[in-house]
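To start, the structure itself, in structure tokens.
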2 protein chains.
Amino acid sequence: MSQLKPKQNKPSYHHGDLRSTLLNAANLLLKETGIEGLSLRKLADKVGVSRTAPYHHFKDKNQLLCAIAEQGFVQWQQDAANIFNQTGLSPKDKYRQFFHGYISYAADNPELYDLMFGRTIWKQNSATNELRNAAYPSFNHQVEMTKKWQSQGLMPKDENTLRLSQVTWGTMHGIARLLIDGIYADRSHIDEMCDCAVNLFTQQIIQNQEPN
Amino acid sequence: MSQLKPKQNKPSYHHGDLRSTLLNAANLLLKETGIEGLSLRKLADKVGVSRTAPYHHFKDKNQLLCAIAEQGFVQWQQDAANIFNQTGLSPKDKYRQFFHGYISYAADNPELYDLMFGRTIWKQNSATNELRNAAYPSFNHQVEMTKKWQSQGLMPKDENTLRLSQVTWGTMHGIARLLIDGIYADRSHIDEMCDCAVNLFTQQIIQNQEPN
DNA sequence: AAGCATATGTTGACGCTGTCAAGATATCAA
DNA sequence: TTGATATCTTGACAGCGTCAACATATGCTT
């Protein structure tokens, strides 16, 4: 009933911080009810403003969705950075953690992941520039890491780097999707599936490189 | 304006073959406008009946979507059977063809593939029994083939069969999705990506088994 | 301090959607 | 012939995204 407003208690005509309030509420609504349950009207209602108030902060629903997805990419990239910044792990163990981390992120935020990598946004070329700027580095990073893994002898050197990174990412993406779309796999299989994939992608031979 | 009706030309109150007419038109509409453009009202309009006529043949929109997806599974299983029934191919070549065939099917029918394997149907447990009966054999087949590939020495014997089939299918699914969702990959990369994946999954050693 | 542009909020309205209820018409079995 | 059943119709409703018009607060310029 009573919405949190900044500064004072008296309800003012202007909200004061509607954009970020909307984003937070949208994230919550997304997590709770899924993308289908996320309507602008319900969102506005939840935040305590009229149906069209959000239009002063987001051009349309698509822009709101892009903004949410954008946050997701930032968040995931931090998670990934934390994994890569660990010290004292062999390349293979690091890759294993990365793989597990990716799937876990998707499993923990299924609706967000669907938004970040789903056709709702990408298929109809409706991604905002802000979203692209947040997402593309994530794609490039995958290629760079693949190149590194190849040079470390972790992955086969004779495969084209771009293709290899498309395949390995495709595998993570596919497993994530099978999981969050509730088809053919469930959470209790995650760890074993990840390990299986890592085994397939990494060479069993030559492990005498220094870490990192 | 004038819709095809069976038997005679005089427009009769009853359509005569509405269910299959709807399914065909829905498939077309799906292919042309995507899942977002597929509304029951437009569909009814296109077929030349009133908005609620389809409800006498499908309980709701979900049942129509399930029926379309069901056709997709039947169709894909025939494609797959044709590949497996080929003679004179080495196990590896056969697997390669299967992999390419899977991705091609998805790339040629992106909207249908999205329906068959997307969360629209599966995530909220809304699949009809008919759809399940068409889809599950496809999943099981994947496991059985994986078992065979392992015994043929094509894939590593020491990996759990279910996990291995989840990972290999996950890879195909992931590549298909990256492709049809228009993210990170496009059709010109398909063949190279498939070959790369097949190389990773199949042993380079020991190829002296008889075909099939 | 006054005035005005701009940012941010509101209600009203439109067309689209899925779907239910009630009534019309055709088909089929007894 | 009759009555049940299948099929198709119009009317209605709530929910959706979004535009237009209007209201109010904020902030800059003079």
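No lab work stands behind these numbers, since they all come straight from the coordinates. Everything quoted here is computed from the prediction, not taken from an experiment. Note: ideal-geometry Cβ built from the backbone for every residue, glycine included; neighbour counts use all protein chains shown.
Could you list log10 I(q)/I(0) for chain B at q = 0.07, 0.11 Å⁻¹, which the Debye formula gives when each Cα is one point scatterer?
-0.28, -0.63
Cα-Cα over 18 Å: which of A:94/A:148; A:123/B:46; A:92/B:157; A:123/B:31; A:46/B:123?
Violating the 18 Å Cα-Cα cut-off are A:123/B:46; A:92/B:157; A:46/B:123.
List, largest first, the extents of the alpha carbons of the protein assembly as shown along their principal axes, each in whole Å.
Reported extents, whole Å, longest axis first: 74, 65, 35.
Mind checking the angle between helix A:129-151 and chain A's longest principal axis? C-alpha axes, 0 to 90 degrees, to the nearest 10.
10
Taking beta carbons within 10 Å but only from partner chains, what does the mean come to for residues A:158-169?
Mean partner shielding for this stretch: 6.
If you wrap a convex hull around the C-alpha atoms of segment B:152-198 and split its volume per residue, what is the figure in Å³?
Once divided by residue count, the hull of segment B:152-198 is 77 Å³.
How large is the direction-averaged shadow of the alpha-carbon convex hull of segment B:118-161, in nm²?
The orientation-averaged projected area of the Cα hull of segment B:118-161 comes to 3.9 nm².
When only C-alpha pairs under 8 Å and at least 6 residues apart count, what is the relative contact order of chain B, in percent?
Result for chain B is 22 percent.
Could you tell me, in Å, what Rg and Dmax come out for the Cα atoms of segment B:92-212?
Expressed in Å, the Cα Rg and Dmax of segment B:92-212 come to 15.3, 47.
Would you compute, from DSSP H runs of 4+ residues alone, the mean residue ellipticity of chain A at 222 nm, taking -39500 (n - 2.57) per run and dividing by the full residue count, rounded to the nearest 500?
Helices in chain A give a 222 nm mean residue ellipticity of -20500 deg cm²/dmol.
Compute the long axis of helix A:91-108 from its Cα atoms, compare it with the longest principal axis of the Cα atoms of chain A, and write down the angle in degrees, 0 to 90, nearest 10.
30
With angles folded into 0 to 90 degrees, how steeply does helix B:190-201 sit against the dominant principal axis of chain B? Use alpha carbons for both and round to 10.
With rounding to tens, the tilt is 50 degrees.
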